[in-house]
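Everything on this sheet refers to the single structure shown next.
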Amino acid sequence: MADGAGSGMSGEDTGPIELTYAEHFHPARPRALRHRPKVRSPFERRAAGRDGEPIGTNPAYVAWLRGQSMLADADTIARQFSGRGTMWQNPFADPDPRGAVETASVWFTAYPLSFMTRPGQPFLAAMAEEDLWRAFAAIGVEGVHTGPVKRAGGISGWEHTPSVDGHFDRISTVIDPAFGSEADFRAMCGMATFHGGTVIDDVVPGHTGKGADFRLAEMGYADYPGIFHMVEIDPEDWSELPVVPPGRDSVNLDVATEERLEKAGYIIGALQRVIFHAPGVKETNWSATRAVVGVDGVARRWVYLHYFKEGQPSINWLDPSFAGMRLTIGDALHSLADLGSGALRLDANGFLGVEKSALGGPAWSEGHPLSGAANHLIASMVRKVGGFTFQELNLTMDDIREVGRAGADLSYDFVNRPGYHHALATGDAEFLRLGLRTARDLGIDPASLVHALQNHDEMTYELVHWAAGHRDETVVFRGEEVTGAQLAETVRGELLHALAGPEHPFNLVFTTNGIASTTATVVAASIGIHDLDTIGPAEVEEIRAVHLMLAMFNAMQPGVFALSGWDLTGMLTLPVDDVAALVAEGDTRWIHRGAHDLMGFAPDADRSAEGMPRGRSLYGTLPDQLADETSFARQLQAILAVRKHYGIATSRQVDIPDVSHPGLLVLVHELDSGSHQLTVLNFAAEPVRGTVRSEALAPGGAVLDMFTQEPLGFVDDLHAFAVDLPARRGMALLVEPS
């Protein structure tokens, strides 16, 4: 991660030479060190002009849509790879989580809409700046997940319509001009390569937006209807469909209509869950289109599936045309080999198979084997061209284990994210220990997980492992046997009480999924702050210290550690009035997506280039923090330096022992050296003097503080030693064999 250095060739020692990014790309540099696309030739896009009415019987309109089609792009991209020996140079059948962790074990997760840039500078150009990557390298960040940067939203007539879900409703392989260009993306990848880093892009195998591909599908054009879960309704049954209001192109089906269409043999009916359920807005996972005139002059109405919002039609992974599969694979190859990213997030990847229930119940839509097969196919293709994948979907731990056997290389740790928030909010780490132990007992290697602080989503508390997959099974919690459903209900209730509601109006509930909040506002609520305006220097210092303890939990265990710009700058949530238009339909997540100025690019701006209001930062910019030894970034730098030096990211978790105080959490990891590393955290609101005991520790072992190298004692004959921790603080310990 350090900048390169060299010496003069004249025989006289001229001292170290600091290379710049431009010098790194000088022709004299070895070809292996130069970032470059891997395809045979630059990808050329089709172009067609606008002429006539935007209807299916107008060939110019159809050609214009095909020029923007992801499926058409995928067919062109695929031809760049067929018949090449390089397609057989990488193993691909089995996930390689530890290989992925070794590639990049600390990630910065960006959110383009909220990232503040220089005036007039697009997001990707800002992400390619050398000063930014110098700061990342100094802190210890090795990978950047850009978030979705390709064009999203929809097409209505000749015009593009905006995204309905933060650019997760992709409609093109083209970089959204608002975020920059393909040249900017490649420059960012080159800068990452120079600093030893990796860029992680996105592919969305679960759905698209209502772009060119969906409009061509509505017209019944070629094999485009095969991309989506959509069914043509006979005209004599149009009376069964709801009327589409003026200005809309579709309308959600109510439960009664869904049931009638199921009985008529059109659709498979109700699914296991209605994600983002909202009465009168989204009551089912099905919507009906208006009448659309096709290329053959025939008017058609369709009913289509969407797990998420109405503007996100679901991709069909088992249509005879395999059009949806071709679209997704082509998009992935474009990101990896043409643009230069090294990895991909698989978004909405758990809903790739649906099947009608044979027993009259809801359709099988979660944990379906087709999802596993499709994930295996995508992840294998990515590994085949030298990349890796991670999946970010809230699954049961059983499903995470299955994905890890043949699908994505890494999975997001959605189980223990609410777990550590619950430990902080209640001062009791029992539920967190339960989650960690359950994952271990099910065979999930923590090195296969992405352990994160805040990301673009809410603090999720669905707890689907217990609330859905194991709802009727019993576990012991607080000395009593409770069902999984009861456990999930208890934890959700305690999180709501501690972090949101009238006592903490700065955090808001997001439907049934979780709580819209930043890490800083989770900490603020947990330490008793009720009004963000009362936060002064003393409160900032305490929030920062607790924030660092949460960073230690995530970083001081095997796997990937991820954090966002909201974490690095200590952002608070926005007043809801500042984003009233965005939350009008109930999506409260916008309060935690405030614009943040990571590098001080826009000190006088009150909004990001994409219009997100600037939030309040408690920690300041990275340049300012790196000049202050007491700052969040500098202390995080120390944590990550210890993590890297001892190889904690690829260590083996061998114990999560019982503890002497409910607020304590102890994680025991075996290092490659044979020593043991212990992460010891006190989530309680009081100091704790307790005992750490683990059978993994041999008597006589010397206990050292990993940050100061100060000796703290020895492991006694009972495999134990004493610890003394202030309230809401942590420590990293090394136990060396005697």
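If I take all pairs of Cα atoms in segment 388-463, what percentage of them are more than 14 Å from each other? Above the 14 Å cut-off, segment 388-463 has 59 percent of its Cα pairs.
The Kirkwood hydrodynamic radius of the chain, based on inverse pair distances between different Cα atoms, is 27.0 Å. Axis angle, to the nearest 10 degrees, between helix 632-646 and the longest C-alpha principal axis of the chain: 80 degrees.
Ranking Pro313, Leu71, Ile378 by how far each Cα lies toward the positive end of the dipole of the chain (charges on Cβ) leaves Leu71 at the top. The order of the peptides 147-157, 108-118 by mean Cβ neighbours within 10 Å, most packed first, is 108-118, 147-157. Simple rule: put +1 on each Lys or Arg Cβ and -1 on each Asp or Glu Cβ in the chain, find the dipole, and look at Gly427, Ala500, Met599; the Cα lying farthest toward the positive end is Met599.
Taking the inverse of the mean reciprocal distance over all distinct Cα pairs, the Kirkwood hydrodynamic radius of segment 587-692 comes to 17.5 Å. Of the whole protein surface, Ile268 contributes about 40 Å² of accessible area at a 1.4 Å probe radius. The calculated pair-distance distribution of segment 46-181 uses every alpha carbon pair, bins of 10 angstrom beginning at 0, and gives 10, 26, 30, 24, 9, 1 percent. Evaluated with a Cβ-only charge set (Lys, Arg +1; Asp, Glu -1), segment 241-306 carries a dipole of roughly 80 debye about its Cα centre, given to the nearest 20.
With 18 Å as the cut-off, how large is the P(r) tail for segment 347-498, expressed as percent of Cα-Cα pairs? The share of Cα pairs beyond 18 Å in segment 347-498 comes to 60 percent.
For segment 89-177, the dipole from Cβ point charges (+1 on Lys and Arg, -1 on Asp and Glu) about the Cα centre works out to 160 debye, to the nearest 20. Note on Gln709 and Thr474: with the Förster distance fixed at 35 Å, the Cβ-Cβ geometry gives a FRET efficiency of about 0.15. Taking the protein heavy atoms of segment 402-453 in the context of the full set of protein chains, the accessible area attributed to carbon and sulfur is 48 percent at 1.4 Å. Each Lys and Arg adds +1 at its Cβ and each Asp and Glu adds -1 at its Cβ; summed about the Cα centre, the chain shows a dipole of about 1760 debye. Pairs of C-alpha atoms in segment 350-440 farther apart than 21 Å represent 45 percent of all such pairs. Here segment 335-383 is described by how far its Cα atoms reach on the three principal axes: 48, 15, 13 Å, from widest to narrowest. Remark: for residue pairs Lys356/Lys384; Lys150/Lys384; Lys150/Lys210, the C-alpha separation exceeds 25 Å in Lys356/Lys384. Applying both filters, DSSP loop and at most 11 other Cβ atoms within 10 Å, to the trypsin sites (Lys or Arg not before Pro) of segment 421-485 gives Arg478. Note on Ala222/Phe322: beta-carbon distance plugged into 1/(1 + (r/R0)^6) with R0 of 22 Å gives a FRET efficiency of 0.95. Working note: Cα gyration tensor of segment 270-322, eigenvalues times five, square-rooted, sorted largest first, giving semi-axes of 24, 16, 8 Å.
At q = 0.10 Å⁻¹ the log10 of I(q)/I(0) for segment 429-544 amounts to -0.37, computed by Debye summation with a single uniform scatterer per C-alpha, solvent ignored.
Mind pulling the angle between the C-alpha long axis of helix 369-384 and the longest principal axis of the chain? Nearest 10 degrees, somewhere in 0 to 90. Helix 369-384 sits roughly 70 degrees off the main axis of the chain. Here the peptides 343-354, 81-92, 124-135 are ranked by packing, the mean other Cβ count within 10 Å, and the order with the highest first is 343-354, 124-135, 81-92.
The values are calculated or read from the model by the stated rules, or taken from the named source; none is laboratory data. Remember, it's a predicted structure, so these values are computed and weren't measured experimentally. Glycine gets a Cβ as well: all are built from the backbone with ideal geometry, and neighbour counts include every protein chain shown. Ligands, DNA and RNA are stripped out before the accessible areas are found, and what is left, the full protein with its side chains, is counted by its heavy atoms. Shrake-Rupley method; radii C 1.70, N 1.55, O 1.52, S 1.80 Å.
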